[in-house]
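Notes for the one structure printed next.
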């Protein structure tokens, strides 16, 4: 199976890293006019959009790795079976 190109945009997550910290600092700007509830807020919507995209990407990578593993296992099994099979013309003991 050939390599598979897969990308995800992490710019939103990087913007959450303040002051060189490796820990994201997410907060809801409650001063916004449209900041109704914590769930119905532009900041939360952006976070959900980012992590939904990231989750889809991670699922794609996971599936690709599973496919590679399955092909590897099938290939190994076929190789083992070919090694056990008597060669044509070889006498088989009865």
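Please treat every number below as a calculation from the coordinates, not as lab data. Bear in mind the structure is a predicted one, so any value in this text is a computation, not a measurement. Methodologically, a virtual Cβ is constructed for each residue, glycine included, from the backbone with ideal geometry; neighbour enumeration extends over all protein chains shown.
Can you compute the modelled spin-label distance between residue 82 and residue 60, with each label point 7 Å from Cα toward Cβ, in nm?
Those two pseudo-labels are separated by 3.3 nm.
Ranking 10, 28 by Cβ neighbours within 10 Å, fewest first, what do you get?
10, 28
If the chain between residue 27 and residue 68 were fully stretched, how many nm would it gain, using 0.36 nm times the residue separation less the Cα-Cα distance?
Stretched fully, the residue 27-residue 68 segment lengthens by 10.8 nm.
Order by neighbour count: 7, 80, fewest other Cβ atoms within 10 Å first, most last.
If I rank by nearby Cβ atoms, fewest first, I get 7, 80.
Does anything in the range 36-65 have its amide N under 18 Å from the 7 Å Cα→Cβ label point of residue 16, and if so which residues?
Residues passing the 18 Å test: 38-59.
Can you give the Rg to Rh ratio for the range 11-84, taking only C-alpha atoms and Rh from Kirkwood?
Taking Rh as the inverse mean 1/r over Cα pairs, Rg/Rh reads 1.36.
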